[in-house]
Amino acid sequence: MANLTTESRPVRYALTAVALLFLFLFLLLPLIGVFWEALHKGWQLYLTALVEPEAWSAIKLTLISAAIAVPLNLVFGVSAAWAIARFDFRGKSLLTTLIDLPFAVSPVVAGLMFILLFGANTAVGGWLQDHGLQVIFAVPGIVLATVFVTFPFVARELIPLMQSQGADEEQAAIVLGASGWQTFRKVTLPNIKWGLLYGVILTNARAMGEFGAVSVVSGHIRGETNTIPLHVEILYNEYNFVGAFACASLLALLALVTLLVKSLVEWRLHRQQQASTLRTAEARLQAAQP
Amino acid sequence: MSNILNLRHSVLPGFRLSFGITLFWLALIVLLPFAALVYSTMGMGWDGFLAAVGSERVMASIRLSFATAGLSALINLVFGFLVAWVLVRYPFPGKRLVDALVDLPFALPTAVAGIALTTLYAPNGWIGQFLVPLGIKVSFTPLGIIVALTFIGLPFVVRTVQPVLEDLEKELEEAATCLGASRWDIFRRVIFPATLPSLITGGTMAFARATGEYGSVIFIAGNIPLVSEIAPLIIVSKLDQFDQQGATAVALVMLGISFVFLLLINLIQWWAARRHGAGR
């Protein structure tokens, strides 16, 4: 008997083939389709579609809203992870559930909530508008919706990572006289940097690609409140397929970069874990020697 | 503050600062919008609520959203388990690439997925052209919605089942084989029960996500009232007509169901953790 715990070769091959075919049809083909539709009429048309003024202003707005939303959620995510993974307090699981809440809400409902809060006919929105700040159907609303849908990502990535690493190294640093900031910068940050990087990249990808929530609050004013995904929708509905897929291909590229970084981070974390297991083993060995 | 929170003493500093930032941002970005939703609901009253939700078109869309989400979750349970199984158990070339690809639906913007799938399954598309002779129409039918939701939900199942399969102790299977069990028996009575909690969690997550999904669905669905119009689209079209009250009512029904599912996930995780702990 060669191996007690695996299936016969035909079964293995058949299952692998079915799984790969499924992934090919459902994941890979759509991805290839995006680039094919964008490029099959030539580079010239592709580039023209991207430098067209409305596409350009959509790209700019997308970059701006991500540039505001990502750092805000980065600060929040690190703070939440520090509080949750490093301290024991009452209501911790409630806090964790509340942080996850944006995951459970339809993006459309998220957009609706901001309209109910900041719309022109509400108390808050009316007051803000009287003071010259329009939120809904303007850039601030788009940023708020983006922050909402990307709210949990950094915290979600860091909390399990920091919990599994434990607080020993940080406690040692504090006991040895380091200040809080020093400890965070020189002990915590090097330990979590790869997880943090992936959290930020994922937040960024979702921020730039968010459709439902942003669509509801944006008002679709061409050249003013259209992000790339909204611009894709408009072009697609006008049967301008090359233009739609050209803009879509930018977002698909971003998705590919995100996946690449994720693989890289997982590989790094794996190595880091192996290295630290090795260090611990060595230390134990040395301590055991007389 | 530390008294109310029953904070356990720690040598580490920074609790007040980090907890303060967390609470402030949570209140501003998540709790305040929710409060707005609750506030505008209270002004609605039962009659307004029922009038908005009770129409045939709205009911049909809610039914459609949950039915298609359920079917796509079932598809993902089967194929997600298969993909996780193949990734964990069988060697094949390009495995790391395939493993990375599984996360694509997390990273690819929903609108991009939507137009790509619509083009693929259109009657003259790469996949659609083979389905038309068979009499299968995908684009602009509920079947198209299921395709889009299956795309969106796949990583939830794979990524919750995969680590459980990786941690499965091979010794159990070896013992079962030595005791004369067939592979199928072992799958049914050893492997499947061990992965069941993670399958339920992953399936529930895929289902919950699918009920609220908007971007990937609206392109392929065709949005025909009573046939292929999903509930999130009803909210959007009510908002386009400045019917905020109606939109809120529909959102409330969907949120209620989402909350039940979030609660269910937590209960299942609690139950699975307890069972796992008891087995030790």
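Odds and ends about this structure:
- Meets criteria (more than 9 Å from every other protein chain (Cβ to nearest Cβ), surrounded by 13 or more Cβ atoms within 10 Å (Cβ to Cβ), of a type outside the set (Lys, Arg) and part of a helix (DSSP H, G or I)) for B:GLY70: yes
- Positions within the stretch B:24-46 being within 15 Å of A:ALA80 (Cα to Cα) and more than 7 Å from every other protein chain (Cβ to nearest Cβ), in sequence order: B:PHE24, B:ALA27, B:LEU28
- When B:LEU104, B:LEU108, B:LEU77, B:LEU82 are checked against the criterion of being more than 17 Å from A:LEU29 (Cβ to Cβ) and either surrounded by 22 or more Cβ atoms within 10 Å (Cβ to Cβ) or touching a residue at least 12 places away in the same chain (Cβ under 8 Å) (or both), B:LEU77 stands alone in meeting it.
- Helices (runs of 4 or more DSSP H) wholly inside the stretch B:160-267 containing at least 1 residues that are at pLDDT 85 or above and small (Gly, Ala, Ser): B:170-178, B:192-212, B:215-221, B:231-240
- Condition met for A:VAL214 (of a type in the set (Val, Ile, Thr) and in contact (Cβ under 8 Å) with a residue 60 or more places away in the chain): yes
- Condition broken by A:LYS60, with the remaining ones in (1) free of Cβ contacts under 8 Å to residues at least 40 places away in the same chain; (2) within 13 Å of chain B (Cβ to nearest Cβ); (3) among the basic types (Lys, Arg) satisfied: (2)
- Qualifying positions in the stretch A:144-165 - among the small types (Gly, Ala, Ser) and surrounded by fewer than 23 Cβ atoms within 10 Å (Cβ to Cβ): A:SER164
- Qualifying positions in the stretch B:1-23 - at pLDDT below 85 and more than 7 Å from every other protein chain (Cβ to nearest Cβ): B:MET1, B:SER2, B:ASN3, B:ILE4, B:HIS9
- Residue ID - farthest from the other protein chains (Cβ to nearest Cβ), chosen from residues in the stretch A:65-120 that are of a type in the set (S, T, N, Q) and in a helix (DSSP H, G or I): A:SER65
- Looking only at the stretch A:11-68, and only at residues there that are of a type in the set (Ser, Thr, Tyr), in contact with a helix residue (DSSP H, G or I) (Cβ under 8 Å, 6 or more places away or on another chain) and more than 22 Å from B:GLY114 (Cα to Cα), the one that is surrounded by the fewest Cβ atoms within 10 Å (Cβ to Cβ): A:THR16
Okay, residues lined up against (1) at the interface with chain B (Cβ under 8 Å from one of its Cβ atoms); (2) among the polar types (S, T, N, Q); (3) within 27 Å of A:LEU161 (Cβ to Cβ); (4) surrounded by fewer than 16 Cβ atoms within 10 Å (Cβ to Cβ):
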| position | (1), (2), (3), (4) |
| --- | --- |
| A:LEU235 | no, no, no, no |
| A:PHE245 | yes, no, no, no |
| A:THR258 | yes, yes, yes, no |
| A:GLN273 | no, yes, yes, yes |
| A:SER276 | no, yes, yes, yes |
| A:ALA283 | no, no, yes, yes |
| A:GLN289 | no, yes, no, yes |
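- The set of residues from the stretch A:176-211 being among the hydrophobic types (A, V, I, L, M, F, W, C) and closer than 19 Å to A:ALA81 by Cα comprises A:TRP181, A:PHE184, A:VAL187, A:LEU189, A:ILE192, A:TRP194, A:LEU196, A:LEU197, A:VAL200, A:ILE201, A:LEU202.
- Filtered residues of the stretch A:121-138 (kept if closer than 11 Å to A:GLY219 by Cβ and assigned to a helix (DSSP H, G or I)): none
- Screening the candidates A:GLY141, A:GLY199, A:GLY177, A:GLY195 for the property of being surrounded by fewer than 17 Cβ atoms within 10 Å (Cβ to Cβ) and either modelled with pLDDT under 90 or more than 10 Å from chain B (Cβ to nearest Cβ) (or both) yields one hit, A:GLY177.
- Failed criterion for A:GLN163 (all others in (1) touching a residue at least 12 places away in the same chain (Cβ under 8 Å); (2) of a type outside the set (Gly, Ala, Ser); (3) within 12 Å of another protein chain (Cβ to nearest Cβ) hold): (3)
- Wholly within the stretch B:10-62, helices (runs of 4 or more DSSP H) carrying at least 3 residues that are surrounded by 14 or more Cβ atoms within 10 Å (Cβ to Cβ), touching a Ser or Thr at 6+ places or on another chain (Cβ under 6 Å) and not acidic (Asp, Glu): B:15-26
- Residue count, the stretch B:80-101 (criterion: more than 7 Å from chain A (Cβ to nearest Cβ) and part of a loop (DSSP other than H, G, I, E, B)): 3
- Verdict on B:ALA176 being within 10 Å of another protein chain (Cβ to nearest Cβ) and over 27 Å from B:PRO105 (Cβ atoms): yes
- A single entry from A:SER263, A:SER215 fulfils the requirement of being at the interface with another protein chain (Cβ under 10 Å from one of its Cβ atoms), hydroxyl-bearing (Ser, Thr, Tyr) and surrounded by fewer than 22 Cβ atoms within 10 Å (Cβ to Cβ): A:SER263.
- Listed by position, the helices (runs of 4 or more DSSP H) contained in the stretch A:178-240 that have at least 3 residues being touching a Cys at 6+ places or on another chain (Cβ under 6 Å) are A:228-237.
The values are calculated or read from the model by the stated rules, or taken from the named source; none is laboratory data. Computed from a predicted structure; not experimentally measured. Here Cβ is always computed from backbone atoms with ideal geometry, including for glycine, and neighbour counts include all displayed protein chains.
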